[in-house]
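Please read the structure below before turning to the comments.
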Amino acid sequence: MSSSSLSEFLSANKAKFLSDLKADGAKSWTVVMGNEAGDLDSIASAIAYSYLTPRKPTIGLIQTHRQDLSLRAENLYAFKLANLSPTHDDLFTIDDLPVPPAELKCNFALVDHNTLWAPWRRPDAKVVGIIDHHDDENNHIDADPRAIVVPLGSAASLVTETFKDSWTPADPANVPPPELATLLLSAIYIDTAGLKSSKAEPLDHASVAFLESRESNNPSLGGEEVSLFRIETTKELKSQKISITHLSSRDLLRRDYKQYTFSTATEGNPIRVGLSTVPMGIKQWLKNDPDGFRASLESWATERTLDVVGVLTTYNSARKGHHRRELLILVGGDPTSAYGQKALVETTTNVLVEGLEKTALLDLERVEFEGDFAAIEGVAGDRAHGDLPGQIRLWRQRNSDATRKIVAPAFKAILESM
Ligand SMILES: [Mn+2]
């Protein structure tokens, strides 16, 4: 047998779902979704939920297009460790769904986020389960399980904990495959740097200990010691994650991306914000793509009709390897958007700059566009003063622990009071 029982489960489950979808809109099914950023935590949690929940039938949906799976090399590495199909045809990706979301009859469960994303909402659709580690937005109150733990390194830890009983079923034939533990472990390792990061909470430690005792049967691991497995796997996942030299500027913007719509108090129009987390500093990025940098931000704004493009960089300093973060905004990069008119661009930029600089939790320090950063405004260097009204600002973020989980609520608070 060349493929693991996890891969077989996923393939069979997907075939059954698609056939039920054709027959009756899959009305007996629950579709489990991670968040749209498509990181390993979301994917592993959705797959594990679908396998472990005592309520069947359930399928995990990956909110990434099949061709975009390669944007996250660390995910591919984890799929390989878990003996999933090399062609990924066992995974259920968003483009495998043959009908628009509105035509589904299924219910939903959410992992790694806790509000059903707008395109999936239907009057007759229920959210029947939530397992998450983001701030509770207090929706879908009847969901069961409704487990939200903050702070927690990884949602995968809470999925493990919630369905712990499923690992010791009455019938030994129903024991989950070790590859499922491997997949969950990979997600927790990457989110907690192998439990070394300050983000690792006691529940992350407990779930890792539990899963490591389950995955040691994995034939692909050749009886390695568990601690060695943790160290080596974490190291490899990390190096895969930063192996992004092959990615274009657009790829960098879309590989770890979330989009938000905020309503403003006075301006009337809702404001659309996209936040991309990019594992490369701006200096290096400009070096790689000096002529295309600004243009790529603008076309990203146009492609996603964004009023504000936000870039959150995370990287290690070249000299001493210190972890650093930066925050960049482009306001009004899409001239056709509601906020693309000059006056609104200026107001919005001012409100955002003032609000962000006042956000103590981010501890921002402004970077001027000179020296290594001179190319940031584009080749001509004066585009901001020409016909295009888009405004760019860049900061060093001295609180290098503040991820998008902190930055997104800061944008929300500032823009909703505008
Ligand atoms: Mn997560």
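Observations on the model:
- Filter pass, residue 369 being assigned to a loop (DSSP other than H, G, I, E, B) and over 26 Å from the mean Cα position of the chain (by Cα): yes
- For segment 136-155, the candidate set comprises residues that are under 18 Å from the mean Cα position of the chain (by Cα) and more than 14 Å from the ligand (Cβ to nearest atom); within that set, the residue that is surrounded by the fewest Cβ atoms within 10 Å (Cβ to Cβ) is 137.
A quick yes/no check of all residues on (1) assigned to a strand (DSSP E or B); (2) away from the ligand (no atom under 16 Å from the Cβ); (3) open to solvent by 30 Å² or more (accessible area, probe 1.4 Å):
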| position | (1), (2), (3) |
| --- | --- |
| 14 | no, yes, no |
| 23 | no, yes, yes |
| 44 | no, no, no |
| 48 | no, no, no |
| 51 | no, yes, yes |
| 55 | no, yes, yes |
| 59 | yes, yes, no |
| 69 | no, yes, no |
| 76 | no, yes, yes |
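- Filter result (of a type in the set (S, T, N, Q) and either within 14 Å of the ligand (Cβ to nearest atom) or more than 24 Å from the chain's Cα centre (by Cα) (or both)) within segment 25-42: 28, 35, 42
- Among residues of segment 261-289, those that are hydroxyl-bearing (Ser, Thr, Tyr), modelled with pLDDT under 95 and open to solvent by less than 50 Å² (accessible area, probe 1.4 Å), counted: 1
- Qualifying positions in segment 118-155 - touching a strand residue (DSSP E or B) at 6+ places or on another chain (Cβ under 6 Å), small (Gly, Ala, Ser) and within 19 Å of residue 184 (Cα to Cα): 129, 147, 155
- Residues of segment 292-324 satisfying the condition of being of a type outside the set (A, V, I, L, M), surrounded by 23 or more Cβ atoms within 10 Å (Cβ to Cβ) and out of contact with any Lys or Arg (no Cβ under 8 Å at 6 or more places or on another chain): 310
- Under the condition of being away from the ligand (no atom under 13 Å from the Cβ), open to solvent by less than 70 Å² (accessible area, probe 1.4 Å) and β-branched (Val, Ile, Thr), the residues counted in segment 156-182 number 4.
- In segment 23-43, the residues that are at positive phi and of a type in the set (A, V, I, L, M, F, W, C) form no Cβ pair under 8 Å with any partner that is within 11 Å of the ligand (Cβ to nearest atom) and not in a helix (DSSP H, G or I), whether six or more places apart or across chains.
- For segment 302-338, a tally of residues being part of a loop (DSSP other than H, G, I, E, B) and over 17 Å from residue 391 (Cα atoms) returns 7.
The values are calculated or read from the model by the stated rules, or taken from the named source; none is laboratory data. Bear in mind the structure is a predicted one, so any value in this text is a computation, not a measurement. Cβ coordinates were reconstructed from backbone atoms using ideal geometry, including for glycine residues, and neighbour counts include every protein chain displayed. Areas reflect the complete protein model, heavy atoms only, side chains present, ligands, DNA and RNA absent. Shrake-Rupley method; radii C 1.70, N 1.55, O 1.52, S 1.80 Å.
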